[in-house]
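All remarks here apply to the structure that follows.
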Amino acid sequence: MTSRSHQRQFEALLHEHRGIVFKVASVYAVSAADRDDLAQEICVQLWRSFGHYDERRAKFSTWMYRIALNVAISQLRRRKTSLDSRVEPLDEHHLDSIGGGQVIAETDERLAAMYACIGQLDPLHRALILLYLEDRSYAEIADVLGISETNVATKINRIKQKLRGQMTAPAPTGA
């Protein structure tokens with residue numbers, strides 16, 4: 001395969017699955033500038049790794065998620081500030097990005113609250129729930145994150161219980 005055809009193949013696959021890049025960047029970056037930087041870094045790493053992609057070993061989207069999540073989590077680890085100070089509850093802009101451009105009704109406060117809770121999860125749990133909400137199979141999630149399917153199932157159940165508890169907890173009243 002010539003380098004030009006290799007590049008065209010990459011560009012076509014990246015264009016087809018670009019939503020993955022934007023979803024991961026939206027979940028792991030705070031500001032618009034950070035999201036843009038993270039999306040760009042993900043694309044650079046995808047291109048650098050594309051020569052090693054083997055379609056017999058994994059679907060392109062699975063491979064892409066693996067790299068995107070690794071880049072996002074690595075970038076979080078490199079930052080010296082604590083994760084708690086970097087986490088921002090997801091607002092409507094974030095929700096639109098995560099929904100792949102689908103408009104989410106402004107009145108759906110429960111959905112916004114759920115995404116705010118997801119935004120406060122640690123990086124691995126955010127990755128798990130992101131993939132789960134994307135209707136990825138436990139096998140694919142396990143492949144992306146490098147953990148067992150049993151571990152995926154256990155962690156997802158615990159995350160769902162935690163989110164359910166946070167969503168049903170009474171809201172604090174202001175004085």
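The values are calculated or read from the model by the stated rules, or taken from the named source; none is laboratory data. Computed from a prediction, not measured in an experiment: that's the story for all the values here. Using ideal geometry, Cβ is built from the backbone for each residue, glycine included, and neighbour counts are taken over all protein chains shown. Please note that ligands, DNA and RNA were not included when accessible areas were found on the heavy atoms of the full protein model with its side chains. Shrake-Rupley method; radii C 1.70, N 1.55, O 1.52, S 1.80 Å.
Would you check if LEU38 is under 18 Å from GLY119 (Cα atoms) and crowded, with 18+ Cβ neighbours inside 10 Å?
Yes.
May I ask you to list pairs of residues, at least six apart or on different chains, whose Cβ atoms are under 9 Å apart, with the first in region 161-175 being closer than 19 Å to LEU111 by Cβ and open to solvent by less than 100 Å² (accessible area, probe 1.4 Å) and the second being β-branched (Val, Ile, Thr) and modelled with pLDDT of 65 or more?
Going by the 9 Å Cβ cut-off, the qualifying pairs are LEU163/ILE118; LEU163/ILE129.
Go over the candidates TYR65, TYR53, TYR28, TYR115 one by one and state the one that is under 26 Å from ILE156 (Cα atoms) and at pLDDT 90 or above.
Result: TYR65 is the single residue among TYR65, TYR53, TYR28, TYR115 that is under 26 Å from ILE156 (Cα atoms) and at pLDDT 90 or above.
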